Amino acid sequence: MVQSATRPDSDALDAVFAALSDSTRRAVLEALGERSLSVTELAEPHDMSLTGFMKHLRVLEDAGLISRTKEGRIVRCELSPRPMQEAAVWLSRYEKFWTGRLDALARFLYHQEETEWRTLPPAAQSAPRSPSGGTSGSRPTRSGARGPTRKR
């Protein structure tokens, strides 16, 4: 299957969204958004073993969201923005779709409310409307007969 230059392939997009599904990995990306950091600096705020944390880094690297470089004994990580940009482009198509749908729904509901309001009799138009739309029975005006008393 041939992919266009503007459309990311499905496997790459799946890997990006899978990587973003974990809060630890999102926190790593957020930290790397400011500057490149060493693995030790990245792992420090997370309460897990270094081995467990390295698995998170591997998922991010496999998705193309980060790159690692080694400087002597220190491994540094840097954010790679391209896969996020491709995911944002993919999401923006659906944002446009849902924005259009929600705007149409809002227009429809506004029209329904205006039409309903105009068809009510004049007395009902000036009366305050209950937000629940339900009705309740009126209270009795007098109390009933006295009930039986208990003998002592």
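The values are calculated or read from the model by the stated rules, or taken from the named source; none is laboratory data. Computed from a predicted model, the values in this text were never measured in an experiment. For neighbour counting, all protein chains shown are included, and Cβ atoms are generated from backbone atoms with ideal geometry for every residue, glycine included. The protein model used for the area step is the full one, side chains on, heavy atoms only, and it has no ligands, DNA or RNA in it. Shrake-Rupley method; radii C 1.70, N 1.55, O 1.52, S 1.80 Å.
Worth pointing out:
- Under 5 Å, built H, 5+ apart or other chain: amide partners of LEU37: CYS77
- Extension reserve of the ALA104-THR51 stretch, reckoned as 0.36 nm per residue once the Cα distance is removed: 14.0 nm
- Estimated D of segment 16-57 in µm² per second, where Rh is the Kirkwood radius over Cα pairs and Stokes-Einstein applies at 20 °C, 1.002 mPa s: 203 µm²/s
- Among the protein heavy atoms of segment 1-89, carbon and sulfur supply 51% of the accessible surface, probe 1.4 Å, non-protein parts ignored.
- Nonlocal amide H pairs with GLY64, under 5 Å, H built at 1.01 Å: none
- Accessible area per residue in Å² at 1.4 Å probe, computed on segment 1-116: 72 Å²
- Whole-number D in µm² s⁻¹ for segment 1-103, Kirkwood Cα-pair radius fed into Stokes-Einstein, 25 °C, 0.890 mPa s: 163 µm²/s
- Residue-count net charge about ALA15 - beta-carbon cut-off 12 Å; Lys, Arg +1, Asp, Glu -1: -4
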